[in-house]
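The values are calculated or read from the model by the stated rules, or taken from the named source; none is laboratory data. Keep in mind it's a predicted model, so treat the numbers as computed, not measured. Here the Cβ is made from the backbone with ideal geometry for all residues, glycine too, and neighbour counts use every protein chain on show. Just so you know, the surface numbers come from the protein's heavy atoms only, side chains and all, with ligands and any DNA or RNA stripped out. Shrake-Rupley method; radii C 1.70, N 1.55, O 1.52, S 1.80 Å.
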Amino acid sequence: MSERKPLRRGGWTSFWNAASHATLVLLFVIAAGCSGGGCSGGCACGGMTPIAEGFKPAQRIENAASLRLTDTGVGFLQSNIGPLASGLLGANSAQSGVLTFEVPPTNGSFNAVVTTIKYDVCPAGAKPNANPPECLAEIDLGKAKLKLEPVAPHNLKVTGPLPVRLRKLPLTIEYFCLPVLGCAKSNLDVTLTGNQACGGDQTAADIELDVTIAISIDPDSQHSRYGYSKVAVDVGIDKNKLKQSIKLCGGFDATLLNGLLDLIGGLLVDQVSGMLTQQVDQALCMKANPELTPPCPNGTQNVDGVCRYGQKASDACASIVLGLEGRFDLGGLLQGISGGASGAFDFLLAGGGAGVRSDNSGEHWGDLNPVGKGITLGMYGGAEPSPPSSCVPPVVSKLPTGIPIPDELLDNSLPDWPMGESPHFGLALSERFANYALEQIHNSGALCLGISADAIGTPVTSTILGLGLGAKSLPELGRQKQAASVAFMLRPQKPPTIAFGNGTDIAKDPTFDIRIAGLAIDFYLWSLDRYIRAMTVTTDIRVPGNLTVTPDGLTPVIKEISLTNSTISNQELLLRDDPVAIASALEGLVGQLVGGALGGALKAIDINSQLASAGLTLKIPDSVEGKGSPGLRKLIKNKDQYLGIFAALGVAGAAPKMSSATSAEVRAFDVDPAGL
């Protein structure tokens, strides 16, 4: 028989506490830039900082994205539990795939059949470097033969034997205490092994586990995390098998043996329980952030650094967001090409969805869907300006609703998949959500950019620009008609739009196709110690691009952008030039310049760095000329369209850990004009 307990009360679950969270949850962040539970709990990553009160519930969008771990993906995790455990544990593991924890000193007493027994466990404390190690429990995850199975309603079952070993646990007991004569005293060693050996070759005991990892939404509408996906773990452990694997070494009265076995067995479970409680809090509970006001989301209290729904340490904690939730400073990321850039918006992309699924299951979009022996999960999305900017005409946006999950994210097979039977992992990003997010980025003013030729490393001056545009007046606007620096100011009048494709042709079928109608571009020249506006171009812009697989990750490729329907205004200083001719020449010239600037500002999305702590890698098939990548494709469900990303999982190789603390300061920058 097995005794079932919740994770907070005990069980051999240190691996599944970490593995279930890291393996099944870190996949949520592959399209962003922060690993391990998102940015909700106080981290700052990629320009994103936490939101004190969380993302507004009324502005969340269900199924903005969805995730899939196929049946072969589940099988991959099952087959690679050992290597993944090693990757997850890292420097905390003395041996590959072996988790160790120290049993602390404990004393007390209990009533046996004919006497009271006083006990003192590990009286000298743990000695992990002794031979054999004392008071050190070992869980050999690398040799675990566990089975993973998705089961209804929203669970992942983990069953099978887990090798556990405790080679020496010193135990001092006192019993048969009599007045004057004192107590009988014995010094024993306790072992927990598969062969019940007191020394020599001590094998691990296989302890049967029955673990349920449930991913479901927080159903309490009063909670700040209402509707978000949360992880709960329930562990069943065969306590009889644990008791049978314990041996008392040193000789002892058999009449008291059962009592001691119960004591030691219960003690070990209790010790593991205490360790796991702390680990669970670290992995699944939201931490209070003293730099925020309030430090915890509304409805929760800061209890010893953890946000809880109450004022006691035993009260339920607010779960972390399984993905990303934070304030994103896009303007700050573009400071390299636009020194005065500003614009921030709140962003959300995380597991969740309080709406009831359309499969008649009664479950929610944010509940784990164990379909086709794989698992699928819907994700909340959101984007809101913080605050709205006055540099752009505001756009009133309609919140997308009713986005379905595409069929490819509910199935295991994928046409033309070149890497094995099927992909292990899939993600679908909704085109409707992406366009809504672009509208909010527009409202934030993040696309109001001032770009100088110096900032993007382009030696364009008023003389060169005048020659390129056929504008005779431009070279004369500099001081004493000398060559002057050039700068551009982008002022969007309408938000960008995006359409997804298959990436077969960057011009006709790009992975992403961004368009901006009526973009105003002010041209400035440096004259008399200030920039003066020479003209304004209003134009429609198209930015087609592909995602290519590189060693650095998914790299956006933009060759050039196209400008159409261009008109010139504010050109009073260009007295001798034809605005129509300038507009025509400008469409080719500026398209290349701005395209180069944007291409240089878009960095690779380093997917595998987000999964490193889980010991995993993602391999997206390479692109093929004229066909794109089989792992990057357009998906369609009813009238909705998506960007689908599919990949095979791999085990990350061990890499040396490096750290550095480097700083630099530019005190002066001199350029020899003759060199230009």
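Miscellaneous remarks
- In the stretch 605-646, residue modelled with the lowest pLDDT [restricted to those that are in a loop (DSSP other than H, G, I, E, B) and closer than 14 Å to MET419 by Cα]: SER623
- Residue check for VAL396: buried (at least 20 other Cβ atoms within 10 Å of the Cβ) and more than 16 Å from ARG633 (Cβ to Cβ): no
- Some residue of the stretch 284-306 being surrounded by 14 or more Cβ atoms within 10 Å (Cβ to Cβ), at pLDDT below 85, on the phi > 0 side of the Ramachandran plot and in contact with a His (Cβ under 9 Å, 6 or more places away or on another chain): yes
- Residues within the stretch 552-583 that are surrounded by 14 or more Cβ atoms within 10 Å (Cβ to Cβ) and among the small types (Gly, Ala, Ser), tallied: 4
- Cβ-Cβ contacts under 7 Å between residues 6 or more apart (or on different chains), taken from a first residue in the stretch 426-446 that is touching a residue at least 40 places away in the same chain (Cβ under 8 Å) to a second residue that is outside any strand (DSSP E or B) and basic (Lys, Arg), are absent.
- Evaluation of THR463 against the conditions (1) open to solvent by 10 Å² or more (accessible area, probe 1.4 Å); (2) touching a Pro at 6+ places or on another chain (Cβ under 6 Å); (3) modelled with pLDDT of 80 or more; (4) not in a loop (DSSP other than H, G, I, E, B) shows that the sole unmet condition is (3).
- Within the stretch 584-604, tally of residues that are open to solvent by 50 Å² or more (accessible area, probe 1.4 Å) and modelled with pLDDT of 75 or more: 2
- Within the stretch 211-266, considering residues that are in a loop (DSSP other than H, G, I, E, B) and over 17 Å from TYR309 (Cα atoms), the one modelled with the highest pLDDT: SER245
- Residue ID - nearest to ASN360 (Cα to Cα), chosen from residues in the stretch 122-168 that are hydrophobic (A, V, I, L, M, F, W, C), outside any strand (DSSP E or B) and within 34 Å of the chain's Cα centre (by Cα): ALA152
- Checked against (1) among the aliphatic types (A, V, I, L, M); (2) at pLDDT below 90; (3) open to solvent by less than 30 Å² (accessible area, probe 1.4 Å), LEU136 passes all but a single condition, namely (2).
- Some residue of the stretch 476-489 being out of contact with any Phe, Trp or Tyr (no Cβ under 8 Å at 6 or more places or on another chain), open to solvent by 20 Å² or more (accessible area, probe 1.4 Å), in contact (Cβ under 8 Å) with a residue 12 or more places away in the chain and part of a loop (DSSP other than H, G, I, E, B): yes
- Breaking point among (1) touching a Cys at 6+ places or on another chain (Cβ under 8 Å); (2) closer than 23 Å to ALA126 by Cα, for THR193: (1)
- Residue match in the stretch 432-446 (condition: assigned to a loop (DSSP other than H, G, I, E, B) and either farther than 22 Å from ASN546 by Cβ or open to solvent by less than 50 Å² (accessible area, probe 1.4 Å) (or both)): yes
- Given (1) at pLDDT 85 or above; (2) over 22 Å from ASP140 (Cα atoms), index of the condition LEU181 fails: (1)
- Here the condition is being within 28 Å of the chain's Cα centre (by Cα) and assigned to a strand (DSSP E or B); of ALA534, ALA499, it holds for ALA499 alone.
- Qualifying residues in the stretch 502-519 (those that are assigned to a strand (DSSP E or B) and among the β-branched types (Val, Ile, Thr)) - the one nearest to GLY545 (Cα to Cα): ILE514
- Among residues of the stretch 548-589, those that are of a type outside the set (Gly, Ala, Ser) and farther than 21 Å from PHE512 by Cβ, counted: 19
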